[in-house]
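Written below as structure tokens is the structure these notes are about.
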Amino acid sequence: MFKPGRHFLQIPGPTNVPDDVLRAMDHPTMDHRSPEFGELGLRALSGLRTVFKTRGDVIIYPASGTGAWEAALANTLAPGDTVLMCETGQFASLWLRLAQRLGLEPQMIATDWRSGADTAAIAEALQADKEHAIKAVCVVHNETSTGCTSDVQAVRQALDAAGHPALLMADVISSLGSIDYRHDEWGVDVTVGGSQKGLMLPPGLSFNAVSTKAKAAAEGAMRHAYWNWEEMLKANSTGFFPYTPATNLLYGLVAAVDRLHAEGLDNVFARHQRHAEATRRAVRAWGLEVLCRTPEHYSGALTAVRMPDGHSADAFRKVVHQQLNMSLGNGLGRLADRVFRIGHLGDFNDLMLAGTLGGVEMGLRLAGVPHQSGGVQAALDCLADAASGTRGAQAA
Ligand code: PLP
């Protein structure tokens, strides 16, 4: 069926790619051994450091985020090692399963998938581990399946307070470039990122930002080849890669990082917080419930909304897709059909949010989901107040 106008892609990644980033990638294929490529590689690598907020090395893989998850573990750990993981949602669970498949022994801290990582339980586990069997602590900074963030800095503090030498690993796949994150300042050893969310690029690149301690742990870690940091870093020192890089995506990466700096990273983060707050006000005005139940863990990147009992989130999303030409995120894992997720990250502005929430409100009506009207109005009031500076848009 012909659908006029632009599709609203409001899943929490992959996100909309801005036109200038698309244009930057619209470039003849280049010789990846040429001097010009070396210059591009160095620009891409140094730009990424500013987004991760690190002076250290960032590795770029031509892979989806799952590859960078595997790289983080495979470079630093050996089969049989214990890793402390916090099961905050579907992505944390997938990382845990991947760790198991690599022969690691995950020690899991469960949550109800409605808040961030339980930092008190992490602190307790670290204090109890007198033999230092735990070799790494892994947290997902922004759990894309639930819209809950975790306090990575508090996990660092728990490690320090326990005097525990485990590596700290954080997944920022859906927070990089949309929620404040500081690799060096927060003492993270391996940060795992991806291209397709806050960085506003298509899927296809993923990253490991690595500390000196992580690089030291890489000596003598499990056998692996494609993910090897050492080979990569040797080639990267002159802007090259040990195998064929995703050349055109790197052009896009340079343009996307320039865009983030043109807006200013702090402004980017504030914009995401403002859109998240306006979205939550809309959800409450509809009489629906935000999945995240702990305000300190609210995500700036997406909002997961609980469906009223007896109603199917997937049936609702289908109506929105077919009749309104908008994609919303589905519920994942144990949340399947129970929630829908509104992505408000990446290249996004107030009017795009207004259109998105307008689509949700119309969709609720078309799908016969019980709700009150007025959600869009509540969001518009919030955005207008923020724009005129009357009340700001602090998290309520
Ligand atoms: N971690 C998080 C937080 C994610 O949101 C995703 C994907 O959405 C992944 C990991 C897995 O990344 P990918 O699907 O790019 O392999």
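Figures for the structure shown
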| item | result |
| --- | --- |
| Strands (runs of 3 or more DSSP E) (entirely within the range 292-396) containing at least 1 residues that are open to solvent by less than 40 Å² (accessible area, probe 1.4 Å) and of a type in the set (Ser, Thr, Tyr) | 302-306, 326-330 |
| Unmet requirement for Leu159, which otherwise passes all of (1) surrounded by 19 or more Cβ atoms within 10 Å (Cβ to Cβ); (2) under 18 Å from the mean Cα position of the chain (by Cα); (3) more than 16 Å from the ligand (Cβ to nearest atom) | (2) |
| Unique match (being in contact with a Pro (Cβ under 8 Å, 6 or more places away or on another chain) and crowded, with 16+ Cβ neighbours inside 10 Å) among Thr88, Thr66, Thr144 | Thr144 |
| Flag for Thr238 being polar (S, T, N, Q) and away from the ligand (no atom under 16 Å from the Cβ) | yes |
| Residues of the range 46-63 classified as open to solvent by 10 Å² or more (accessible area, probe 1.4 Å) and either in contact with a Pro (Cβ under 9 Å, 6 or more places away or on another chain) or within 11 Å of Phe240 (Cβ to Cβ) (or both), total | 1 |
| All helices (runs of 4 or more DSSP H) inside the range 13-101 with 1 or more residues being more than 19 Å from Asn208 (Cβ to Cβ) and in contact with a Leu (Cβ under 8 Å, 6 or more places away or on another chain) | 19-25, 35-52, 90-101 |
| Filter result for Gln107 (outside any strand (DSSP E or B), away from the ligand (no atom under 16 Å from the Cβ) and either buried (at least 24 other Cβ atoms within 10 Å of the Cβ) or in the same structural domain as Leu205 (by TED's automatic domain parsing) (or both)) | no |
| Condition met for Asp180 (modelled with pLDDT of 95 or more, outside any loop (DSSP other than H, G, I, E, B) and either near the ligand (Cβ under 9 Å from one of its atoms) or assigned by TED's automatic domain parsing to the domain that holds Thr247 (or both)) | no |
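Let's see how each residue does on (1) open to solvent by 20 Å² or more (accessible area, probe 1.4 Å); (2) closer than 22 Å to Val172 by Cβ; (3) part of a loop (DSSP other than H, G, I, E, B):
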position: Phe207; (1), (2), (3): no, yes, no
position: Ala217; (1), (2), (3): yes, yes, no
position: Glu231; (1), (2), (3): yes, no, no
position: Thr244; (1), (2), (3): yes, no, yes
position: Leu250; (1), (2), (3): no, yes, no
position: His261; (1), (2), (3): yes, yes, no
position: Ala276; (1), (2), (3): no, yes, no
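The values are calculated or read from the model by the stated rules, or taken from the named source; none is laboratory data. Just so we're clear, the structure is a prediction, and the values are computed from it rather than from any experiment. Note that we place each Cβ from the backbone using ideal geometry, even for glycine, and neighbour counts take in every protein chain shown. Side chains are part of the model used for accessible areas, which takes the heavy atoms of the whole protein and leaves out ligands, DNA and RNA. Shrake-Rupley method; radii C 1.70, N 1.55, O 1.52, S 1.80 Å.
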